[in-house]
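Notes follow once the structure below has been shown.
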There are 2 protein chains.
Amino acid sequence: MVGASAGASAMYAAMTGMGHARPSNYAGPVKLEGDPKGTSVLILGAGLAGMTAALELRSAGYKVRVLEYREKAGGRCWTLRGGDVYTELGGHKQEVKFAEGNYLNAGPWRIPSDHYAVLDYCRRFGVELEPFIQVNYNAYVHNSEAFGGKPQRFKEIQSDYRGQISELLAKAINQDKLDDLVTDEDAQLLVESLKRYGVLNDDLEYVKSDAVSLYRGWQTDPGGGEGAEPVASDIISLSDILRGRLWNDLITGESIDHQSAIFQPVGGMDMIAKAFENEVKDLITYNAKVIRIEGGETGVSATFVPREGDGEEQTVTADYCICTIPFSILSQIEHNFSADMTEAIESVPYASSIKIALEFKRRFWEQDEHIYGGITYTDLPITLISYPSTKFLSDGPGVLLATYSWGAASYQFNAIEHEERIELALKYGEQIHPQYREEFSSGVSVAWHRVPWVLGCYGEWRDMATHYPQALKMDQRVLMAGEHMSYLPAWQEGAILSALNAIERLHKVVTKA
Amino acid sequence: MVGASAGASAMYAAMTGMGHARPSNYAGPVKLEGDPKGTSVLILGAGLAGMTAALELRSAGYKVRVLEYREKAGGRCWTLRGGDVYTELGGHKQEVKFAEGNYLNAGPWRIPSDHYAVLDYCRRFGVELEPFIQVNYNAYVHNSEAFGGKPQRFKEIQSDYRGQISELLAKAINQDKLDDLVTDEDAQLLVESLKRYGVLNDDLEYVKSDAVSLYRGWQTDPGGGEGAEPVASDIISLSDILRGRLWNDLITGESIDHQSAIFQPVGGMDMIAKAFENEVKDLITYNAKVIRIEGGETGVSATFVPREGDGEEQTVTADYCICTIPFSILSQIEHNFSADMTEAIESVPYASSIKIALEFKRRFWEQDEHIYGGITYTDLPITLISYPSTKFLSDGPGVLLATYSWGAASYQFNAIEHEERIELALKYGEQIHPQYREEFSSGVSVAWHRVPWVLGCYGEWRDMATHYPQALKMDQRVLMAGEHMSYLPAWQEGAILSALNAIERLHKVVTKA
């Protein structure tokens, strides 16, 4: 986006100097200047990294060919809709029964507004974005061991925690207990700020009041006409919040990766995959299972067989190769990479993650509980429940992301069959939403360790300082790319930036040669 | 929404008992049972209150007629678009020059998700809603007297303020300074929670680090491939934040009226007005300036003349009247209300407020500064700048709400002509966005004290305890309704709830008679 016009570019430069904008790893559409003189590049994998490389290399004059294991492009940028069929490792086949317009984004589901590369490709391709509601003050925080297992509204815990810590600090300062930590001048301003920040009264107390109810919500909402006066709500004591550990997710939505503004493509994340695919599909050979990669001083070749059934080996050769195959898969493919590269490839276990989406007959979270989008956090193994950020107030069935767990919490889901996963999501979820059983219609589960083409969610470097530089080096005319080759693991931005960086390095080699 | 089905209703009741849901002043579509036996009701004003009353009374069997001053319905639910012409008090005429699809919501512009009545009418009428981005961590907080006048990113101030107050409190507790305020058991949990809440290190310090940069943003963002390691950002000292008073708007977006989820109708707020009007337009007489209201024991009459030009007086009579005319206007109309009602009508000054929208040739806030929706707060008289929550990443002109001020800050805008207001908005705004002058194309200003049909923004009761009950009583067969007759002043929800309450009270009188 930066550099759309000379004026804008100069303005941006001026503003950067002013401290308005930060240097980003993405500095606008890549420019590969200089003639590649017919150099050919073989790209392995038609995920976002592979398609970015294919698109930009062709446009710079390279001869490009892409091999893709699946029957379609996108990789982990993958949306499941009614009618889709998905067979996981182990052979279990799911047929998605969601109603028209409902979906699960099995992989990435959010686009932070500082993911400039993804946003810029969306802009270039005309992929329409809509706000993703990450934080919803009317959603819940839930600890099955606290408050009798009852979920608490985020707004109440958020307001009450902040108010009561502000009260403690304001009082401590007022009682001169922090004189060694704060100057007199700052102390006065600090107390003034805490009154505002914590919604404290003139005695520096956070107490049941209209002022406080304006943040945590009312006992009885204000209305119109007669008998319409609002009633202030009781507050929850700091002690109860602390013992219930409900403070744990108060700032989860405020990290740079989740903070507002944050987006999703209208209609599903794979709108991005489809937009890329639309540009480069003529370059892609689908259903191609790579079984051997051999590079050398003059070129590189990849041998593949049909993904399913019997079929002859075919070999493709090119001057160079961009390999975006996840290391979890690549480590199982025959290759002649150096010892260093081999060590790197074998040093990246892939994270475990499970997503379960449940479709319900009606949007009870909106109709009964006034939760429109956003996320409920729980200590249960489902980790969270995310409400759809689209089709608000609509009739008909809606889909919840009813489980999104990683690490230890996800293992129990990986180990069981699809139907049991759905049952588990229902069993846990109904502790938060008692409507679950009555309203449930169908479910989809994606346990990433069982996804055949990646066998995990994203690459987790065991020793990044040692192995990442090894994996970066061109080896046998092959350069690695993909989310694992970035400091933004698991994010589409990381995949795209890694591809852009790889092709820039490749182009330097080619045009210098 | 509640009560859409018997099952849902029972579920809701059960959940209310569980503390999941709160009683609202809005309990689902109004039910007026019992035959009104041909009773006629005259409604004055076709804003949201008047149209709610008209719609529901007709559907309950009443004979309804509405008199409206303007040439269209909606009242303050009013959206200005390219081609619209608006003449303010004093005669200045504005012709809006905005591009197709751009607009200013001159009155209400947001729908909080606890405004159940507005949401339910949107649902019933099929008015499509989209998220309104209230809080944007990449927007600014700005004090013209601090940081050399440079705006600061909300995310940096928010993270640094919270981190440093958490550090102070955690250290104070750790040094046993708060033993009289916190029990030992709570103290340990409190420190643990503050570490998480404030992003403190093991020494309970909030310091420059990768962990902190994950919330306040990086100096250099993480990228992909080579040289992609992120660089942590410097923090801003608590002292600087306090002296710059940049803490003032940290929780503005967290009040019950602004907290996420919050919505806007797709295409402009008047989509709601149009949806209501579509239902009741056959009942409305437009361009009718009411000059006299006379009620008595057997009925009520209103006399009107054409809004413009010469025209004969016409008188309409009915059994009862719902009057939604703002008290600022009603106090200037001849009537025979009781002394109590008259006193009430004259005791409600109307708040001052100014909105200025500027159209720019391109969306520089997105393209140069990566601000997608949300609000920048400033101490300048423009008070805030709000970025559009729609058409993200699009080319072509975009509209900013470049001033939204009330109270003292708005007076200087009321007193000057439209062109000077625009100049003022540019002069102040360019301190935050230096692109303003170069990119400006046209502007619209609405100073509510100069809006002929309301002469102010909303009713501010001088002594609500005394006068509100007086104004509630049926007087000369007239009941008052509108946002001023509610505990949600200035909000559409207040207008609708006041109308629903008024017609329920009216219906009791009628069916008892």
Could I have the simple spin-label model distance between A:A408 and B:D203, label points 7 Å from Cα toward Cβ, reported in nm to one decimal? 3.0 nm
DSSP bridge pairs, chain B: antiparallel proportion in percent, nearest 5: 70 percent
For the range A:423-440, what does the Karplus curve 6.51 cos²θ - 1.76 cosθ + 1.60, with θ = phi - 60°, yield as ³J(HN,Hα) per residue in whole Hz, taken in order and with x for Gly and Pro? 4, 5, 4, 5, 4, 6, x, 6, 5, 9, 10, x, 6, 2, 5, 5, 9, 4
What is the mean number of Cβ atoms from other protein chains located within 10 Å of the Cβ atom of each residue in peptide A:188-197, rounded to a whole number? 5
What full-extension length gain, to one decimal in nm, is calculated for A:S441 and A:A211 as 0.36 nm per residue of separation minus the Cα-Cα distance? 78.5 nm
Roughly speaking, what is the centre-to-centre gap between the range A:395-446 and the range A:241-313 when only Cα atoms are used, to the nearest Å? 24 Å
Equivalent ellipsoid semi-axes, chain A, via Cα gyration tensor eigenvalues times 5, rooted, Å: 47, 29, 21
Net charge near A:I432, counting Lys/Arg +1 and Asp/Glu -1 over other residues with Cβ under 13 Å of its Cβ? 0
Treating only the Cα positions of the range A:152-244 as identical point scatterers, give the base-10 log of I(q)/I(0) from the Debye formula at each q in 0.12, 0.15, 0.17 Å⁻¹. -0.43, -0.62, -0.74
Compute the separation of the alpha-carbon centres of the range B:43-78 and the range B:164-194 and state it in Å as a whole number. 57 Å
Counting only protein heavy atoms and a 1.4 Å probe, tell me what percentage of the range A:159-294's accessible area is made up of carbon and sulfur. 44 percent
Quick one: how many Å² of B:K508 are accessible to a 1.4 Å probe, rounded to 10? 150 Å²
Could you pull the copy-to-copy label distances for A:D463, with points set 7 Å along Cα to Cβ, in nm to one decimal and sorted shortest first? 8.2
So, for the range B:238-381, what is the accessible surface per residue at a probe of 1.4 Å, expressed in square angstrom? 34 Å²
Buried solvent-accessible surface, both chains (A, B), 1.4 Å probe, Å² to nearest 100: 10800 Å²
Please report the antiparallel percentage of DSSP beta bridges with both residues in the protein assembly as shown, rounded to the nearest 5. 70 percent
Report the label-to-label distance for A:K97 and A:S301 in nanometres (one decimal), using points 7 Å from each Cα along the Cα→Cβ vector. 5.0 nm
For peptide B:252-259, the mean count of other chain Cβ atoms within 10 Å per residue Cβ is 6
Ranked output for segments A:395-405, A:271-281 by mean other Cβ atoms within 10 Å, highest leading, reads A:395-405, A:271-281
Between A:R124 and A:V266, what is the FRET efficiency for a Förster distance of 25 Å, r being their Cβ-Cβ separation, to the nearest 0.05? 0.90
For A:M474 and A:A27, what does the FRET efficiency come to when R0 = 22 Å and r is the distance between their Cβ atoms, rounded to the nearest 0.05? 0.45
Run the numbers on the range B:366-389: which residues show a drop of 40 Å² or more in accessible area, chain on its own versus all protein chains together, using a 1.4 Å probe over heavy atoms? B:Q367, B:D368, B:H370, B:Y372
Using a 10 Å cut-off on Cβ to Cβ distances, tally the other chain neighbours for every residue of B:133-140 and report the average as a whole number. 5
Surface share of carbon and sulfur [accessible, 1.4 angstrom probe, percent] for the range B:316-441: 52 percent
Applying a 10 Å radius around every beta-carbon, put A:152-165, A:58-71, B:336-349, A:406-419 in order of their mean neighbour count, most first. A:152-165, A:58-71, B:336-349, A:406-419
Solvent-accessible area of A:R292 with every protein chain in place, 1.4 Å probe, in Å² to the nearest 10: 60 Å²
Each label point is 7 Å from the Cα along the Cα-to-Cβ direction; what then is the distance between the points at B:A465 and B:K72, in nm? 4.4 nm
Exam field: B:L89 pseudo-label spacings to other copies (7 Å along Cα-Cβ), nanometres: 7.3
Ranked order, A:E95, B:E100 - accessible area, probe 1.4 Å, largest first: B:E100, A:E95
For B:D176, which inter-copy label distances result when the label point lies 7 Å beyond Cα on the Cα-to-Cβ vector, reported in nm to one decimal and in ascending order? 2.1
Sum -39500 (n - 2.57) across every DSSP H segment of at least 4 residues in chain A, then divide by the residue count to get the 222 nm mean residue ellipticity, nearest 500. -9500 deg cm²/dmol
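The values are calculated or read from the model by the stated rules, or taken from the named source; none is laboratory data. Since we're looking at a predicted model, the values are computed, not measured. Positions of Cβ are generated from backbone atoms using ideal geometry, with glycine treated the same way; all protein chains shown enter the neighbour counts. Just so you know, the surface numbers come from the protein's heavy atoms only, side chains and all, with ligands and any DNA or RNA stripped out. Shrake-Rupley method; radii C 1.70, N 1.55, O 1.52, S 1.80 Å.
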